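Reading through the structure tokens given below for one structure.
The values are calculated or read from the model by the stated rules, or taken from the named source; none is laboratory data. Computed from a prediction, not measured in an experiment: that's the story for all the values here. Quick reminder, even Gly has a Cβ in these numbers, built from the backbone with ideal geometry, and neighbours come from all protein chains shown. Remember, those area values only see protein heavy atoms, side chains included, never the ligands or the DNA or RNA. Shrake-Rupley method; radii C 1.70, N 1.55, O 1.52, S 1.80 Å.
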Amino acid sequence: PAAQQQQEEEEEAALSEAELERRVELVLGETGTLWMLELPPALLSTEAEEAPRVVFPLFPRERNRIYAEICEAKIGSEYFEEKIAQTISGAAKTKEMQCDTITVAEKGTVVTPWDLDTSLDASGAEPAETEEPKSPAGDSSQSPTAEEQGQAGAVPAATAFPITFAESAAPARSPEEQECHSGAILTSAKLQQDLVIMERILMENIFQPKLAVYRQIPVLIEPVVISDTEVEEDEEDEDEDEKDEEQQEEAAEADESPAEGAGPRLELLWSYRCDLTWGHSVSSMAWNKVNPDLLAVGYGEFVSRDQKKGLACCWSLKNPMWPERIFCCEAGVTAVDFSLASPNLLAVGTASGRVAVYDVRSREDAALLDSSASLNKHKGPVWQLRWVEQDRGATAGDKEERLMCISGDGRMTLWFIQQRLDCSDVMIIKRTESGKKNLSGERERKSEGPISQQAAGMCFDFHPEDTGVFLVGTEEGHIYCCSCSGEEQILGTYRGHEGPVYKVAWNPSSTDMFLSCSADWSILLWHRDSHTPLLTFTSETAFVHDIKWAPKSPLIFAAVNEKKVEIWDLSVSIFDPMFSYAASPEGNLSCLLFARNAECLLLGDSCGQVGVWQLHSLAVPSTDQVGLGSFP
């Protein structure tokens, strides 16, 4: 059956040629509509078959019937009008236009408040002059009021406008109001800032040659422009002026430096002084560790019974005529020093035992921290204080900055900078028996016990390499070598002075050598391992107040006594100073300080001025002379 079915299918598939050529007609018809979305219209034509059902609905509340009744009731009413409107949403259009490039120009002018006041006063005075002729008696009080103007008619715009503008723009000011306005301008912060800038410019113009010498840069010479007609007239005057100037310069140089051409000499560049500091003795000076142009100076009066209030001033090279910061203290300032970790902090010690820390960034006079509330505060003058970097612990290189002070009450203290200022004793200086003295070169024995009375501490200096070792000078004339750690706090005692030791200073290069100066008119050179002085320097019968090693030479140091400043060079002579000079004819010298970035020496005196002196022809020894063997 399967084979038969396949044969029948093949016969049906095979068509004759006649059947293939026969024409076949195909008729295409429309299929039924398939509705995918139907939205019935809200409107209906009146000719449609369903119209009768809409016009005459079966339900009595049909909306169309109600609407038709409402429209019939409104016919003839003046409050109803039937209109049809259609809103067309227009297509967005882009329009462009071309024009010439707009040129912009910046213009400015400077107008002061006085110019504004003058212009406003002038604009307010013009209408008053135009109104005066309208008054029959010449009195402004008889001018018509607003009601009279309204009765008479409207005021012309050209007349009314200037009056209104003058009244609103320039109100009349009394002399008191003008004075208050001027006072507000003078006390404004903007004017003060502008005055500081102007002050800087003036100081630069005045001190430019001196500052250039200090900074070791060329001096700028401003060219003088003279017209042709004035050249002939000024030639004779210039020749005479040049001769006078040469004579004055020769006389001044002969007075200032009598040893000129023969060796080192000093030249005064300028002095830090003002009316506020005049009469206060300069007690101490310290450079800022970060800004080498900022100098802190302490002022106090310690001789007369009526002691003046102390001052701590911060001077800048930008203005040698007035300090940048002024801090007033109730007692004389005895010591100042800047912090290295926080260069804005200035520590100040006074003659009353007060220790204060000021923030030089603030313009306020109040101290940031004060020891007045401390239970361990000093009861004697704080003769010296210093920020010292010491090891924090066992970790190498981990250092912490600490504030050290020494006072006349016999205590050396360590101050903690926290929410308040407090301290702990590093050592208490005991007064030793003076009846028995050690032989030359003999080390002090421990059996030499101190008595209960404390000795006043005058000065100290930490070792430049080992900050755990320091020297302490006392009022007795003794010098102690001490240690911050260990059971034996006093490592050795050096006796050689017969008066109070004012200063001790380690040599920055030969770290086993140190200097000391005293009220016994002498300067002593010591070695750490020897308890007798190696050399004694004496040239004047006067107190030696301060000594400093030269920063670039281990064999040169400077010292000031009440009369002169002396420069000693141990490679030249150990008997006489290299040169000495009376740098303060008006008063007595009190302290000295070498400049950090210049060949200059700063000298403070009892008159309240700090002179900046240029060191000329100061020889610097070679490096092979550094060491113990270089000292005679």
- Task: Please list, in chain and number order, the residues 5+ apart from residue 504 or on another chain whose amide H is under 5 Å from its amide H, with Hs placed from the backbone.
- Result: 460
- Label zone at residue 309, where the point sits 7 Å out along the Cα-to-Cβ direction: region 333-370 residues whose backbone N lies under 14 Å: 333, 365-367
- Item | Listed residue pairs exceeding 25 Å between alpha carbons, taken from 430/564; 379/503; 399/430; 308/377 | 430/564; 399/430
- Item | Sites residue 291 and residue 109, calculated FRET efficiency, Cβ-Cβ separation with R0 22 Å, nearest 0.05 | 0.05
- How much accessible area does residue 399 have with a 1.4 Å probe, in Å² rounded to the nearest 10? 100
- Item | For peptides 274-284, 406-416, 94-104, sequence by mean Cβ density within 10 Å, most packed first | 406-416, 274-284, 94-104
- Message: Need the full-extension length gain, residue 81 to residue 51, defined as separation in residues times 0.36 nm minus the C-alpha distance. One decimal, nm.
- Response: 8.1 nm
- Message: If you wrap a convex hull around the alpha carbons of region 465-519, what volume per residue comes out, as a whole number of Å³?
- Response: 75
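Keeping every protein chain in place, order 420, 363 by accessible area at 1.4 Å, biggest value first, i.e. largest first.
Numbers: 420 135, 363 190 Å².
Sorted by accessible area, descending: 363, 420.
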- Task: Order these peptides, 573-580, 23-30, 508-515, by their mean beta-carbon neighbour count within 10 angstrom, highest first.
- Result: 508-515, 573-580, 23-30
- Query: residue 285: accessible area at probe 1.4 Å, nearest 10 Å²?
  - Reply: 30
- Could you let me know the centre-to-centre spacing of region 516-544 and region 199-215, using Cα atoms, in angstrom? 40
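Expressed in nm to one decimal, what extension gain is obtained for the pair residue 35 and residue 185 from 0.36 nm per residue of sequence separation less their Cα-Cα distance?
On the way: separation 150, 0.36 × 150 = 54.00 nm, distance 8.76 nm.
That pair, residue 35 and residue 185, stretches by 45.2 nm at full extension.
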